[in-house]
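A short worksheet on the structure shown next.
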Amino acid sequence: MRFTSRPKMNYMPGTASLIEDIDTNLVLQQTVERIHVGKRYGDIPRGIFIVRGENVVLLGEIDLEKESDTSLQQVCIEDILEEQRLQQQSRQEAEKTKHLALKERGLVMPRPDIMDEYGVQHQY
């Protein structure tokens, strides 16, 4: 004998639809990815997203009045992506310099990209 529960459907017009089962699955409409670099940001329209329940931690609405009061400056997508690329590049260079300085002192930090989930370093 198999028991199945019927999912509850809750609708929030224009924002998200909740399908409540064992986990809460979300269908998000008109989503926007916001990229921040310093005090500047850019919005990238992404459309519809489906988020599986085990990945949901928190969902909330944005207060548009408070959002307009921030000191952040909106820039075009191309500019913010270029700034993000430069920021990531400078972070990688700083990390590389840090690893070289530690290596000169006899300390070797394992790279996270070659470590497994238990923190064991593997050579590939």
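Does R46 fit the bill of being closer than 21 Å to I80 by Cβ and open to solvent by less than 90 Å² (accessible area, probe 1.4 Å)? It would help to see each step written out before you state the result.
On the way: closer than 21 Å to I80 by Cβ: yes; open to solvent by less than 90 Å² (accessible area, probe 1.4 Å): no.
No: the conditions fail for R46.
Could you tell me how many of the residues in segment 51-96 are part of a helix (DSSP H, G or I) and open to solvent by less than 100 Å² (accessible area, probe 1.4 Å)?
Qualifying residue count, segment 51-96: 17.
Would you point out the residue of segment 97-106, among those that are assigned to a helix (DSSP H, G or I) and either open to solvent by less than 100 Å² (accessible area, probe 1.4 Å) or not basic (K, R) (or both), that is farthest from G42 (Cα to Cα)?
Looking at the filtered set, the residue picked out is E104.
The values are calculated or read from the model by the stated rules, or taken from the named source; none is laboratory data. Being a predicted model, the structure only gives us computed values, none of them experimental. When we count neighbours, we look across all protein chains shown, and the Cβ atoms used for this are built from the backbone with ideal geometry, even at glycine. The accessibility values were calculated without ligands, DNA or RNA, using every heavy atom of the protein model including side chains. Shrake-Rupley method; radii C 1.70, N 1.55, O 1.52, S 1.80 Å.
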